[in-house]
Structure formats: structure tokens, C-alpha cells
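Here's the structure, in C-alpha cells; my notes come after.
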Amino acid sequence: MLKTFISILARDLTLALRRRTDVLTVLFFFLIVVSLFPLGVGSEQALLRELGPGVVWVAALLASMLALERLFAADFEDGTLEQMLLTPQPLGLLVLAKVIAHWLLTGLPLVVIAPLIALQYQLGDGQMLMMMASLLLGTPTLGLIGAIGAALTLGLRGGGILLSLLILPLYIPILIYGEGAVTVSAIALADSEPYLMLLGALLMMALILGPWAAAAALRISMD
Amino acid sequence: MSINWFKFASPAAFYPIAGRMIPWFAGIAIVLVLGSLLWGFFGTAAQLGGSNPQKEYYRIIYIHVAGAWMSMWLYLVLAGWSAIGLVFNTRLSFMMAKAVAPTGAIFTVIALWTGAFWGRPSWGTYWDWDPRLTSELILFFLYIGYIALHSAIDDTRRADRAAALLAMVGLVMLPVIYWSINCPDPTQCAALHQRSDPGSIHASILWPMLGVTLGFWSYAFAATFVRLRGIILLREADSAWVRELLQGDSGR
């Protein structure tokens, strides 16, 4: 079982690294959205400091949602997904491997780029660290919840817009606590602890239920 | 006496029963809603609350609270029929879930709309990001997601099952979303949380409110059954009993 898990993970990573632009588009989308806000609302330092945490998290939500469309699409088109459904391995495990690969390619880069955004928004070192920590805990949850939506909208016309309608409301708790963690860390880093715990709890819940629900959704869509 | 409940799980068996029940539920709905609103408007106190009382405008509570209750209850009904459909693979359950969704969405709109109109005189603004109203808005998005996903898929079987799964995911997430909106700061949850407790509402106001709720409930039954009959006819158009029914109608 572990072997299957690792081979799918390695396969998805190799495939994505052969087409690096796909990975970079998500990252640049994130950067562009975040850079647009100061142009729209003005670039006063106090205002930016207040807006920063929320803007980063909304942009992370949008970026991860845009990337979701590609989670199953390529495998669906060339028939690989159908073969995966036919294997004796538990489908939830295969989905988990795909989601983790997807997160390594689209979620982790957001965490790595976060310090740059903290500079743009005049955030201090503590908030910069907290932004990375909260994104590290929150973005995998986004991918796990989003996988359900991606599986449900597989192969539909206008799937991308539909996906946002289905998934964005479900992202709200992560947005609230992710943004909260960064905001309260402006005063003391330790204040963020309850927020991080809640983000961790959400991640655990998504890890247990998400792949299973996404597998059920895949079976419905490929029926 | 034993009734074979599964008999009514067949669309052909349920179609005429639904038809017979519609006028009853519609009648009860009209009587209850009109009666309770008249009672609420003319039979209850002109003010609500102690030191800073709400004047006549508080009477929107009769529609607002009843609409909000119904919208939440109907989402439970929607998810319940979806779960039954997924487990027992009964066609009628999926049709029922699909028929309930628009009515639930309408009640969320009613609750939001009346909430805004209530907010204007009492808070001085139409929209205040009040946790309860915000949760209602998210519930509205969940209904819209269900309806949108269902209508985006052409294959009926896949549409039913995919939308049903979405409804159940929504049901699992709903408490988490509700809690996160009510409690954005986990360290001060108790202070922020607003409590709605039927016991704290004065009895003279509670009874008309419950009357409107029951009336809305009846309306939901009637509207759902009308929609359900349409869905049954559409999906069973090729079956013998629908053809007989249509011939019978045109022969008369």
C-alpha cells in the first residue's frame, strides 16, 4: 500500500516538474492578486499592515481553488483515472497521494513566498513567521476539501466557475482562523496558539474524511 | 396494522398521493400564516425589550425567525433525503431532495431580506456582518451550490448522486462554518456568542411566531410536492403509467 502511495506521489511530481509553467502560474497568480490590493486601496503603511493577513489568505484561497481544476483533469482525459479506479488499492489512498503531490506543487510554494508578501505589506518578523506557519497548516486542508469539489465537477462544462461556487463557502473556517492567527501575532506570537490548534484540528479532520469523500465523489463521477 | 412504507418509495405510487395532499397543505399554510400574522400584528405588545425597547418594527420577527428556522430545517431535510438516496439507492429520495432545495433557498432569502430590513431601524444599517445573518448567507451559498451542481450535470443519475454527496459534505462542514463565524477569536468565544433561546422570548410573541413557522412548514410541503410531481413526470415520461395518465387527461 505504501509502495502504491509513493509511486503515485513520485509520478505526479515528475509529471508536474516536466511542465513547470503549470506550477509557476499558480504562484504568480497568488503574487499578482496580492500585489493588486495596495494599488486598489492605497499604499499607506498602517492600512496595509491591517489588510495584509486577510489579503494573503483570500489570495491563497483563490490560488488553491484555481489550481484544483488540474488535480484530476489530466488523468481523467487520458484515461489514467479510470485505471486507478479499477486497481485493487483503496481509492482514498490514491486520492491522498495525488492531493499531497498537488499540495507540494501548489501549496508549499505559497508558504515559501510568504516572507516576500510580508515585506510588501510591512508586516513584522513575528507576523511573517506566523503567516508561514498558518499557510503551512491551512493550505493542505484547502487541497483536501477542494479535492471533493474537483472530483464532483470532473469533466463538466464550466467546471472551474462551478467549483468555486461549491468549494469557497467550505473554505470559510480556514480563512477565518488563518487570518486570525496572523492578525493576533502582531502583538505577541504566543497569542496565535489557539488559532494554530484549530487549523491543525481542521487539517486532521480533512485528512481523515477528505480523501474518503473525494474517492466516493470520483466513483460517482466516473460511474 | 402494518403499512408497507416502501410502497410509497415508488414514484408511480407517490405521485397521486402527493397530488391529493397539495391542496390540504396549501390551505393550512394560508390559514396559519395569515391567522398568525394577524395575531402577531394586532394581538401583541407594541414594544419589545426593556431599557431600549424596539418599537413596532420588531414585528418583522414573525417572518424573519420563522424563515430562518425553516431554511435550516430544510437543509437538514435535503441532506437527509440525499443520505437515504445514497444508502438505499431510491430514486424518489433524490427527487425529493431536488424538490426541497429551491424552497430552502427561498427561505434563506426571506430570512436575509427581512433581517436587513430589521437591521436598518434597530442597528442603523442594512448589513452588519452579524454572525447569525452571515451564517444564513453561507447557508444560501450552500443551497445555490447544490442547485448549480445538479443542473450542470446532464446525466440524471450522476447529478443526483453528486449533488447528494455535496449536500452531505455541506452538512458536515456547516457546524464548523457556523462556529467559526460565531467565534472568530477562539479565546473569547463565550463573550461573542449570541444566544437564541425560545424560552427567553415572551410567550405572546412566541406563539404567533410558531404559528407562522408551522404555516411556512405547510407551504414547504405543498411547494415541494408540486415540484416533486413535475420532476416525477419529467423523469418517468417514458413509463407506461405516465402515458396512461396523460391519455386519461386528454380523453376527458
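No lab work stands behind these numbers, since they all come straight from the coordinates. Note that the coordinates shown come from a computational prediction; the quantities given were computed from them, not determined experimentally. We place every Cβ from the backbone using ideal geometry, glycine too, and count neighbours over all the protein chains shown.
Summing charges over neighbours of residue A:160, with a neighbour being any other residue whose Cβ is under 14 Å away from its Cβ, gives +1 when K and R count +1 and D and E count -1. Take every Cα pair under 8 Å whose residues are at least 6 apart in sequence, average their separation, divide by the length of chain A, and the relative contact order is 27 percent. Across the protein assembly as shown, counting alpha-carbon atoms alone, Rg and Dmax equal 25.4, 82 Å. Remark: spin-label model distance residue B:21-residue B:120 equals 3.8 nm, labels positioned 7 Å along the Cα→Cβ axis.
Between the helical axis of B:11-42 and the longest alpha-carbon principal axis of chain B there is an angle of about 20 degrees. Inter-label distance, residue A:1 to residue B:87: 2.6 nm, where each label sits 7 Å from its Cα along the C-beta direction. I want the local charge near residue A:85. Using Cβ-Cβ distances under 12 Å, sum +1 for each Lys or Arg and -1 for each Asp or Glu among the other residues. Overall, the nearby charge balance is -2.
Between 0 and 90 degrees, rounded to the nearest ten: what's the tilt of helix B:131-152 against the longest Cα principal axis of chain B? Computed tilt is about 20 degrees.
Separation of region A:83-115 from region A:176-223 is 16 Å, based on Cα centroids.
Local charge for residue A:105 was computed over the other residues whose Cβ lies under 15 Å away, with Lys and Arg +1 and Asp and Glu -1, and equals +2.
For chain B, with a Gaussian network of springs between Cα atoms less than 10 Å apart, report the residue from B:226, B:65, B:169 with the top mean-square fluctuation. Among B:226, B:65, B:169, the largest GNM mean-square fluctuation belongs to B:169.
Between residue B:206 and residue B:157, the simple label model (points 7 Å from Cα in the Cβ direction) yields a spacing of 5.1 nm. For chain A, hydrophobic long helices are taken as DSSP H runs at least 30 Å long by C-alpha position along their axis with mean Kyte-Doolittle hydropathy of -0.5 or more; these are A:20-41, A:45-77, A:125-152, A:193-222. Residues in region A:177-198, backbone N under 19 Å from the label point at residue A:49 (7 Å along the Cα-to-beta-carbon vector): list them, ranges by number please. Within reach of a label on residue A:49: A:179-192. The alpha carbons of region A:2-222 stretch over 56, 32, 30 Å along the principal axes, in descending order. Restricting to Cα pairs below 8 Å that are 6+ residues apart, what does the relative contact order work out to for chain B? Please round to a whole percent. So the answer I get is 32 percent.
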